[in-house]
Amino acid sequence: MIANTPKPPYYAVIFTNTLSDDTAGYEEVANRMVELAEQQPGYLGMESVRDGLGITVSYWQSLDAIKAWKQNVEHLNAQQLGRDKWYSAFTTRIAKVERDYSL
């Protein structure tokens, strides 16, 4: 589903990853992170796809909202599990959205 974002400017966190062979517990934690992100101040929406490569784009009102999400204790635990167990590679990018177009 395409996120319904407000008029720019706002921010996008683009998380691209490849999974390791050990994904036990991954789906449950990933679903919990979506639920938790939706409760965070400044959260605007999310789009995610996995077809070998996983790409999740979350949208935020501000850099401060992104920083608070990154420092959420439950999210920190999930990040550590990702580094230690679930991901063979990942990259996180943060971008300011200045324009968007829709159909």
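The values are calculated or read from the model by the stated rules, or taken from the named source; none is laboratory data. Being a predicted model, the structure only gives us computed values, none of them experimental. Positions of Cβ are generated from backbone atoms using ideal geometry, with glycine treated the same way; all protein chains shown enter the neighbour counts. All accessible areas refer to the heavy atoms of the entire protein, side chains included, with ligands and DNA or RNA removed. Shrake-Rupley method; radii C 1.70, N 1.55, O 1.52, S 1.80 Å.
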Qualifying trypsin sites (Lys or Arg not before Pro) for segment 13-103 [loop in DSSP, other Cβ within 10 Å: at most 12]: R99
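For segment 1-100, what relative contact order do you get, as a whole percent, if you take Cα pairs closer than 8 Å and at least 6 residues apart? Intermediate results must be reported in sequence, preceding the final value.
Numbers: 155 pairs, mean separation 48.4, N = 100.
48 percent.
At a 1.4 Å probe, what is the % contribution of carbon and sulfur to the accessible area of segment 53-103? Display every interim value, and only then the final one.
On the way: 1940 of 3690 Å².
Heavy-atom surface of segment 53-103 belonging to carbon and sulfur, 1.4 Å probe: 53 percent.
Return the FRET efficiency for the residue pair Y101, L81: r is the Cβ-Cβ distance, R0 is 25 Å, and the value is rounded to the nearest 0.05. Don't jump to the answer; show the numbers that get you there.
Working: r = 37 Å, r/R0 = 1.47.
It comes to 0.10.
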What is the calculated FRET efficiency for D22 to Q61, with r their C-beta to C-beta distance and R₀ = 35 Å, to the nearest 0.05? 0.50
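Pop the C-beta distance of T91 and Q39 into the FRET formula with R0 = 22 Å and round what comes out to the nearest 0.05. Provide the component values of the computation, followed by the final result.
Numbers: r = 25 Å, r/R0 = 1.16.
After rounding to 0.05, the efficiency reads 0.30.
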222 nm [θ] for the chain, helices only, -39500 (n - 2.57) per DSSP H run of 4+, per residue, to 500? -8500 deg cm²/dmol
